[in-house]
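Peer 1: Can you keep this structure in mind? I'll have questions shortly.
Bear in mind these aren't lab numbers, they're just calculated from the coordinates by the rules spelled out. It should be emphasised that the depicted structure is a prediction, and the values quoted were computed from it without experimental measurement. Neighbour counts run over all protein chains shown; Cβ positions are idealised from the backbone, glycine included.
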Amino acid sequence: MFRAKYLLPMSVNWIAAIGAGMVTGVAATGAQIVLWWSFTDALPGILYRDARLTSAILMGPEVLPPPATFDLMVMVVATVIHLVISIGYSVILACLILRLDMMRSLLAGLIFGLTLYAVNMYGITLVFPWFLVARDWITILTHAVFGVSLAATYKGLSRSYSA
């Protein structure tokens, strides 16, 4: 029997979207660290460099000059920025995959992640040119992992937290 509830538009599960953004933001950073560790000998300097690149969005370019060493305030600011952006991206992707099944959501997540790479590394660099140094295959792969993981995590969490 057809029920009236199917006539109502679906809406984003905000708890799932926020949770997915937080979980996936951390997971993507972990994936990037594993890739750096596996294919370069740049750790921990590259992590400190990228934290400075991100924190410079709020703290200004004064935090950019080498050496890229550990700085607690830089790490905290970079982490907060990264999580806020990840949650924002999660809400956008949640809206896009709302009515899709899991396989289509994963494909949409992959496309979304690669699109984010293009936006971040070619669009955002117009405002924050210091991100140019982060254009590499590891960053592309990390964005792809982020998008796919974000879609999977949102779909999983939205089932868990559905009313």
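Peer 1: Which residues, taken from the range 129-156, are surrounded by fewer than 16 Cβ atoms within 10 Å (Cβ to Cβ) and closer than 16 Å to Ala16 by Cβ?
Peer 2: The one that is surrounded by fewer than 16 Cβ atoms within 10 Å (Cβ to Cβ) and closer than 16 Å to Ala16 by Cβ: Gly156.
Peer 1: Please indicate, with yes or no, whether at least one residue in the range 55-72 is crowded, with 16+ Cβ neighbours inside 10 Å, more than 16 Å from Lys155 (Cβ to Cβ), free of Cβ contacts under 8 Å to residues at least 24 places away in the same chain and touching a Ser or Thr at 6+ places or on another chain (Cβ under 7 Å).
Peer 2: Checked against the condition, which is being crowded, with 16+ Cβ neighbours inside 10 Å, more than 16 Å from Lys155 (Cβ to Cβ), free of Cβ contacts under 8 Å to residues at least 24 places away in the same chain and touching a Ser or Thr at 6+ places or on another chain (Cβ under 7 Å), the range 55-72 yields at least one hit.
Peer 1: Across the range 7-49, what is the number of residues that are over 12 Å from the mean Cα position of the chain (by Cα) and hydroxyl-bearing (Ser, Thr, Tyr)?
Peer 2: Going through the range 7-49 one residue at a time, the tally reaches 4.
Peer 1: Checking Leu107 against (1) farther than 16 Å from Ala134 by Cα; (2) touching a helix residue (DSSP H, G or I) at 6+ places or on another chain (Cβ under 8 Å): exactly one of these is not met. Which one?
Peer 2: Evaluating Leu107 over (1) farther than 16 Å from Ala134 by Cα; (2) touching a helix residue (DSSP H, G or I) at 6+ places or on another chain (Cβ under 8 Å) leaves (2) as the failure.
Peer 1: Of (1) under 18 Å from Gln32 (Cβ atoms); (2) hydroxyl-bearing (Ser, Thr, Tyr); (3) in contact with a Leu (Cβ under 9 Å, 6 or more places away or on another chain), Thr79 satisfies all except one. Which?
Peer 2: (3)
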